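To keep things clear, I will list the structure first and then write my remarks on it.
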Amino acid sequence: MQSSKARWLTLLAAAAIFFGVTVAIGLAIVPEPRTPTDHLVIGTIGTLVALAAVFVMIITTIYKGGENFVRRRPKPNELRSTESDETPNT
């Protein structure tokens, strides 16, 4: 099993790679001559993609489940013992 430090370094390296690839694609798409606003937009999109990748990697590796965001209702036939018909309503 990897240590915690190695896991975080891998996560940061993956985010840097996502940022670099996104910026390279943005620079290839936007034609020359580029204005400072073009560079701002390309960097912003690169940052957005890198942060989204980090978010997805943290949720899938550390929290390992979808119950962090959505709580499922119990099915009607899965009543708990405290929710039976014998318990009076207060």
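The values are calculated or read from the model by the stated rules, or taken from the named source; none is laboratory data. Quick caveat, the model's predicted, so the values are computed rather than measured. Cβ atoms come from the backbone with ideal geometry, glycine included; neighbour counts cover every protein chain shown. Heavy atoms of the whole protein, side chains included, go into the accessibility calculation; ligands, DNA and RNA do not. Shrake-Rupley method; radii C 1.70, N 1.55, O 1.52, S 1.80 Å.
Summary of computed values
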{"item": "With all protein chains modelled, accessible area of residue 29 [1.4 Å, Å²]", "result": "130 Å²"}
{"item": "Highest average packing first - 33-39, 6-12, Cβ atoms within 10 Å", "result": "6-12, 33-39"}
{"item": "Whole-Hz ³J(HN,Hα) from phi, Karplus 6.51 cos²θ - 1.76 cosθ + 1.60, for segment 26-35, glycine and proline x", "result": "x, 5, 6, 7, 6, x, 6, x, 8, 8"}
{"item": "Exposure rank, largest accessible area first [18, 55; 1.4 Å]", "result": "55, 18"}
